[in-house]
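Worksheet: the structure to be examined is printed underneath.
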Amino acid sequence: MSGPAKYIAQLVLAGAQIVGRAFARALKEEIQRSQQAAASRGGGGTRAGDSSRAAAVSSRLGMTVQEACQILNLPGKRIDPKELTEKYDHLFKVNDKAVGGSFYLQSKVVRAKERLEEELKSLAEAPKERPGRTSQEKTPSDSPS
């Protein structure tokens, strides 16, 4: 290679390196922002010792309890199963595509109901767990006499 072709090749190579570095930096920043957002959303659990479980459920179902309550227009303090069903039924029917609704909104309503049902299930299981005793600890009554 000689003359102008050599300079054009160097210019293209330099441009590709600049674009590559910019892309890598943008990707790195996006990963950091995503991790920060996940950490801030993870605190949506209802009990202090349950935040990691709540974060896992929120991640699996794609929304927090707070978001689900907002979608279904429910107060976030206490979830009433009857009110949950009523709000769900109404919003599901209103957003039915057959009556001119939005499939996207209807699916959000379904996901919100699933998330709140999961939360109700975990709250129902909470009294069964005995705090302060793990499954591997034994009490004197557990040992044979």
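For the stretch 63-125, build the charge dipole from Cβ charges (+1 Lys, Arg; -1 Asp, Glu) around the Cα centre, then report which of V94, S122, P75 sits farthest towards its positive end.
Working it through, the farthest residue towards the positive pole turns out to be V94.
Given bins 5 angstrom wide, list per bin the percent of all Cα-Cα distances in the stretch 63-125, short to long.
Taking all Cα pairs of the stretch 63-125, the binned fractions are 4, 20, 31, 23, 13, 6, 2, 1 percent.
Dipole size in debye (nearest 20) for the stretch 63-125 around its Cα centre, Lys and Arg Cβ +1, Asp and Glu Cβ -1?
Values: 11 positive and 11 negative charges, 35 e Å.
Value, rounded to 20: 180 debye.
Just so you know, all these numbers are worked out from the coordinates, no wet-lab data involved. Remember, predicted model here, so these are calculated numbers, not experimental data. Neighbour counts are summed over all protein chains in view; Cβ atoms, including those assigned to glycine, are modelled from backbone coordinates with ideal geometry.
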